[in-house]
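Asker: Please see the structure below; I have some questions.
Values quoted throughout were computed directly from the atomic coordinates according to the rules given, and no laboratory measurement underlies them. The structure presented is a predicted model; accordingly, all values stated were derived computationally and were not measured. Counting neighbours? That spans all protein chains shown, and the Cβs are built from the backbone with ideal geometry, glycine included.
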Amino acid sequence: MKRPNIVILGAGYGGMITTVRLQKMLGANEANVTLVNKHNYHYQTTWLHENAAGTLHHDKTRMKISDVVDTNKINFVQDTVLSINSDEKKVKLENGDLEYDYLVVGLGFEAATFGISGLKENAFTISNINSARMIREHIEYNFAKYNNEKEERQDRLNIVVGGAGFTGIEFVGELANRVPELCEEYDIPREKVRIMNVEASPSVLPGFDEELVEYAMNLLEGKGVEFKTGTMIKEVHEDKILVEKDEQQEEIPTNTVVWAAGVRGNSIVEEAGFETARGRVKVSDTLLAPGHDDVFIVGDCALIMNEENDRPYPPTAQIAMQEAENVAHNLKVLVRGGSDLEPFEPHLKGTVASLGEGQAIGVVGDKKLFGWTASVMKKVIDNRYLFMLGGVGLLLKKGKFNIFTK
Ligand code: FAD
Ligand code: NAD
């Protein structure tokens with residue numbers, strides 16, 4: 001019998017966990033498993049805000065795929081996915097085509113820009129290693145340039161973060177630690193630098209526990225972060241933005257806008273013709289794309305509904321990993337000729353968000369965590385992933401162990 005071709009697109013949380021689980025579960029002769037990714041490395045998206053602020057080097061965040069995946073068992077293809085043709089069961093890559101019997105799509109997220117004028121051209125996003133590295137270098141360049149110009153340009157020292165969801169808050173938390181270091185390094189008085197976090201909702205972290213939100217705001221304001229709540233970013237220009245609050249508009253000079261105001265699924269899934277909402281595929285209870293029995297979607301490209309509140313589950317690494325475990329199990333069933341697929345059930349363990357070095361907030365089970373305890377919990381979560389992915393070896397190589405610093 002022909003060995004089925006399983007093709008996994010994207011080596012993020014969803015793609016990597018699917019791959020390493022299949023590597024363990026399937027015998028060498030049961031299926032050909034191919035993993036496709038743009039780069040030869042995997043990175044933890046959940047650490048990118050630290051790379052972008054410059055508080056953690058990006059090499060700590062990425063790892064060679066061949067160091068984690070056994071390339072004798074898994075065929076790794078470094079290439080960029082251009083499109084998916086589910087009628088012909090083919091994936092078009094920049095450098096060729098791949099045919100599949102089963103496809104797993106884990107191509108992650110893109111920034112949702114909501115058609116805001118000038119945003120795509122002039123704002124940065126924290127999306128991958130390259131974009132994070134660019135933010136870090138852009139901020140440093142502005143600091144370096146500031147004292148080398150005749151005219152004082154405040155736009156170089158005004159950093160605007162759009163959106164105070166978890167990404168925005170985690171990023172300003174890192175910036176609040178990094179900016180004093182940069183000021184020292186580039187001879188700039190700290191009071192000249194503004195870190196502004198602009199949020200459309202009346203509160204930061206909308207919907208999150210109020211006591212924890214207050215803790216986060218007090219801590220970050222104490223470190224000089226300015227929150228502009230109830231304020232919409234309307235336009236982004238090269239050296240300024242336009243914001244609106246209560247129908248009053250204001251211009252803020254800045255050439256650093258980091259857009260962290262929402263995500264959507266990778267546009268490849270929409271272009272492939274799968275039924276989507278905000279670029280995410282509303283998958284079946286076994287994570288299949290509607291109308292397909294051979295295309296599984298994991299991670300931020302998948303939309304699953306929470307029946308309890310009739311709202312989609314937020315796209316998180318936590319859910320991406322659980323989905324990947326489920327898909328790997330169901331692929332094993334299919335490869336072995338079975339048809340009894342296990343439905344996916346998310347198990348939400350909680351949320352912990354960092355607020356810079358040694359500080360975090362979170363809810364785990366029914367417990368609220370603050371400060372140092374929450375920060376240690378965040379490291380435990382990060383380390384657990386490394387252990388799940390590559391065992392003790394990877395954990396020792398890449399883990400976060402110093403509970404007092406990074
Ligand atoms: P990703 O992990 O984003 O991986 C997608 C992969 O696909 C990447 O390797 C990419 O290179 C590859 N790829 C993309 N396009 C192509 C292409 N065309 N061709 C080939 N390869 C391609 N969630 C949590 O649960 N906890 C957190 O603490 C947390 N913190 C976060 C912090 C930040 C700064 C951000 C931005 C997000 C955070 N999230 C967190 C959300 C979480 O990171 C995502 O939900 C998760 O990464 C989704 O996993 P994924 O496998 O779908 O995609
Ligand atoms: P989000 O959608 O959760 O938050 C975006 C925020 O931007 C919202 O508060 C929204 O009101 C605001 N916004 C939208 N348009 C705006 C505008 N024009 N002007 C100003 N503000 C605007 O997005 P996110 O924070 O990037 O998070 C994406 C996903 O990643 C979520 O599922 C989140 O839970 C997850 N995440 C989790 C963690 C963690 O668990 N520690 C960290 C980061 C991200």
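Asker: Normalise the Cα radius of gyration of segment 14-65 by 2.2 N^0.38 Å (N = residues in it) and let me know the number. Don't skip to the end; give the middle numbers.
Answerer: Details: Rg = 14.4 Å, N = 52, 2.2 N^0.38 = 9.9 Å.
Ratio of Rg to 2.2 N^0.38 Å for segment 14-65: 1.46.
Asker: Additional query: Pick out, from ASN148, ALA353, ASN51, the residue whose Cα sits farthest towards the positive end of the charge dipole of the chain, with +1 on the Cβ of Lys and Arg and -1 on the Cβ of Asp and Glu.
Answerer: Sorting the options by dipole projection puts first ASN51.
Asker: Quick one: dipole size for segment 227-381, taken about the Cα centre, charges +1 on Lys/Arg Cβ and -1 on Asp/Glu Cβ, in debye to the nearest 20.
Answerer: For segment 227-381, the charge dipole is close to 640 debye.
Asker: Could I ask something else about it? I need the calculated FRET efficiency for the pair LYS64 and GLU235, taking r as the beta carbon distance and R₀ as 60 Å, to the nearest 0.05.
Answerer: Working from the Cβ atoms, E equals 0.90.
Asker: Run through segment 207-258 and list the GluC sites (Glu not before Pro) located in a DSSP loop whose Cβ has at most 12 other Cβ atoms within 10 Å.
Answerer: Details: sites: GLU210, GLU211, GLU214, GLU221, GLU226, GLU235, GLU238, GLU244, GLU247, GLU250, GLU251; in loops: GLU238, GLU247.
The qualifying sites are GLU238, GLU247.
Asker: Quick one: what does P(r) look like for segment 280-374 with 10 Å bins over all Cα pairs, in whole %?
Answerer: Histogramming segment 280-374 at 10 Å steps yields 15, 38, 26, 15, 5, 0 percent.
Asker: Mind checking which helices in the chain clear 30 Å along their axis (Cα) and have mean Kyte-Doolittle hydropathy of 0.5 or more, DSSP H runs only? Let's see the in-between values first.
Answerer: Values: long enough: none.
Long hydrophobic helices here: none detected.
Asker: Moving to a separate point now. Gap in Å between the Cα centre of segment 174-242 and the Cα centre of segment 63-88?
Answerer: Centre-to-centre (Cα) distance: 39 Å.
Asker: Which value, to two decimals, describes the C-alpha radius of gyration of segment 173-260 once divided by 2.2 N^0.38 Å? Intermediate results must be reported in sequence, preceding the final value.
Answerer: Numbers: Rg = 14.1 Å, N = 88, 2.2 N^0.38 = 12.1 Å.
So the Cα radius of gyration is 1.17 times the expected 2.2 N^0.38 Å.
Asker: Along the charge dipole of the chain, pointing to its positive end and built from +1/-1 on Cβ of Lys, Arg, Asp and Glu, which listed residue (PHE227, HIS292, ALA28) has its Cα farthest out?
Answerer: ALA28
Asker: Using all C-alpha to C-alpha distances in segment 363-406, build P(r) with 5 Å bins and read off the rounded percent in each one.
Answerer: Binned Cα distances yield the sequence 5, 23, 27, 17, 17, 9, 1.
Asker: Give the whole-number value, in cubic angstrom per residue, of the convex hull volume spanned by the C-alpha atoms of segment 276-322.
Answerer: 78 Å³
Asker: At 1.567 mPa s and 4 °C, plugging the Kirkwood radius over alpha-carbon pairs of the chain into Stokes-Einstein gives what diffusion coefficient in µm²/s?
Answerer: My calculation gives 58 µm²/s for D.
Asker: Still on this structure: Rank-order 93-103, 5-15 by packing density, defined as the average count of other C-beta atoms within 10 Å over each peptide's residues, highest first.
Answerer: Taking the mean over residues of other Cβ atoms within 10 Å, the ranking is 5-15, 93-103.
Asker: By DSSP, what percent of the beta bridges with both residues in segment 64-204 are antiparallel, rounded to the nearest 5?
Answerer: 60 percent
Asker: In addition: Which values, in whole Å and largest first, are the semi-axes of the equivalent ellipsoid of segment 98-152 obtained as the square root of 5 times each eigenvalue of the Cα gyration tensor?
Answerer: So the equivalent ellipsoid measures 37, 16, 7 Å along its semi-axes.
Asker: Follow-up. In terms of the ratio Rg/(2.2 N^0.38 Å) built on C-alpha atoms, what value belongs to segment 168-207? Could you put the intermediate results ahead of the total?
Answerer: Numbers: Rg = 12.7 Å, N = 40, 2.2 N^0.38 = 8.9 Å.
Normalised Cα radius of gyration, segment 168-207: 1.42.
Asker: So, one more: Eigenvalues of the Cα gyration tensor times 5, then square-rooted: what semi-axes does that give for segment 140-202, in whole angstrom, largest first?
Answerer: Largest first, segment 140-202 gives 24, 13, 8 Å.
Asker: Right, another one. Percent of Cα-Cα pairs per 10 Å bin, from 0 to the last occupied bin, for segment 22-132, please list those.
Answerer: 12, 33, 34, 18, 4, 0
Asker: Considering only DSSP beta bridges with both partners in the chain, what is the antiparallel share in %, to the nearest 5?
Answerer: Of the beta bridges lying entirely in the chain, close to 50 percent run antiparallel.
Asker: Got a sec? Which residues in segment 330-362 would a label at GLU185 touch, if it sits 7 Å along Cα→Cβ and we count backbone N under 19 Å?
Answerer: The answer is 356-358.
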